[in-house]
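K.L.:
Here you go, one structure.
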Amino acid sequence: LPLPTNLEGTSVRINGVVAPLFFVSPGQVNFLIPESVQTGAAVIEIGAASGASSRQTVSLAQAAPSLFTSNAQGTGAPAALATRDGVAFREVGKPDGTPNPVGVGDYLVLFGTGFRNAPRRSVEVTVSGQPVPLLYVGPQGTYAGNDQLNLQIPPGLKGMVDLVLSVNGKSATRVRIRVD
């Protein structure tokens, strides 16, 4: 950090504000929307070293939740950590997307994007359809654009269950955990 604003001669502007870049290739540009950019209609302009440019108008929302998954495909187990004691952490998902077991009472630390700026009262998580109290919702702190969500697995769960994050009724990626 800070992220670069120019990679291989490529730059991005959103409503005239220079955006930090994660990755650039001939067919893809990954960037972070600067916090100073307002929600609503936004013009994204991408300029390449070759002189080529692209311009598109999009709508930016205050929150567009998504949870990262362990297989990076948007399916299966979350890219998350579990702990019973806050000292020893273990991965919740395997690289193929299958879950490692978690226990009732374990604390989960989930990672995603698009929910850090949502009003806390608008953020909800259900596990097996049951609402779960949230212990933390906000920036992850180390990686740009990475949000974090902490919760505790409630009693009464067993087996493969769905974990669903929603913000203002808009659901994120549904992930699966295994409670033993």
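The values are calculated or read from the model by the stated rules, or taken from the named source; none is laboratory data. The structure presented is a predicted model; accordingly, all values stated were derived computationally and were not measured. Cβ: placed from backbone, ideal geometry, glycine included. Neighbour counts: every protein chain shown. Each accessible area value is taken on the protein alone, full model and side chains, heavy atoms only, with ligands, DNA and RNA left out. Shrake-Rupley method; radii C 1.70, N 1.55, O 1.52, S 1.80 Å.
K.L.:
Out of the residues in the stretch 23-34 meeting the condition of being free of Cβ contacts under 8 Å to residues at least 24 places away in the same chain and either on the phi > 0 side of the Ramachandran plot or surrounded by fewer than 19 Cβ atoms within 10 Å (Cβ to Cβ) (or both), tell me which one is nearest to the chain's Cα centre (by Cα).
P.N.:
30
K.L.:
Let me ask another. Being farther than 28 Å from residue 175 by Cα, free of Cβ contacts under 8 Å to residues at least 60 places away in the same chain and under 22 Å from the mean Cα position of the chain (by Cα) is true for just one of 42, 48, 52, 72. Which residue is that?
P.N.:
Result: 42 is the single residue among 42, 48, 52, 72 that is farther than 28 Å from residue 175 by Cα, free of Cβ contacts under 8 Å to residues at least 60 places away in the same chain and under 22 Å from the mean Cα position of the chain (by Cα).
K.L.:
So which residues in the stretch 153-174 are closer than 13 Å to residue 102 by Cβ, outside any loop (DSSP other than H, G, I, E, B) and hydrophobic (A, V, I, L, M, F, W, C)?
P.N.:
160, 161, 163
K.L.:
Next question, about the same structure. Cβ-Cβ distance below 7 Å, separation of 6 or more or different chains: which pairs start in the stretch 1-17 with a residue that is at positive phi and end on one that is open to solvent by 50 Å² or more (accessible area, probe 1.4 Å)?
P.N.:
Within 7 Å, the pairs are 8/49; 9/49.
K.L.:
So, one more: Among the residues of the stretch 154-163, count how many are free of Cβ contacts under 8 Å to residues at least 60 places away in the same chain and either surrounded by 17 or more Cβ atoms within 10 Å (Cβ to Cβ) or small (Gly, Ala, Ser) (or both).
P.N.:
Adding up the residues that qualify gives 4.
K.L.:
Here's something else I'd like to know. Which ones in the stretch 108-128 are open to solvent by less than 50 Å² (accessible area, probe 1.4 Å), small (Gly, Ala, Ser) and assigned to a loop (DSSP other than H, G, I, E, B)?
P.N.:
114, 118
K.L.:
Tally time: how many residues in the stretch 40-68 are in a strand (DSSP E or B), touching a Lys or Arg at 6+ places or on another chain (Cβ under 9 Å) and surrounded by 13 or more Cβ atoms within 10 Å (Cβ to Cβ)?
P.N.:
Residues meeting the conditions: 5.
K.L.:
Another question, then. Tally the residues that are surrounded by 20 or more Cβ atoms within 10 Å (Cβ to Cβ) and in a strand (DSSP E or B), restricting the search to the stretch 83-99.
P.N.:
2
K.L.:
Answer yes or no: is there a residue in the stretch 167-175 that is without any contact (Cβ under 8 Å) to a residue 24 or more places away in the chain and either farther than 20 Å from residue 84 by Cα or open to solvent by 30 Å² or more (accessible area, probe 1.4 Å) (or both).
P.N.:
Yes; the residues of the stretch 167-175 include at least one that is without any contact (Cβ under 8 Å) to a residue 24 or more places away in the chain and either farther than 20 Å from residue 84 by Cα or open to solvent by 30 Å² or more (accessible area, probe 1.4 Å) (or both).
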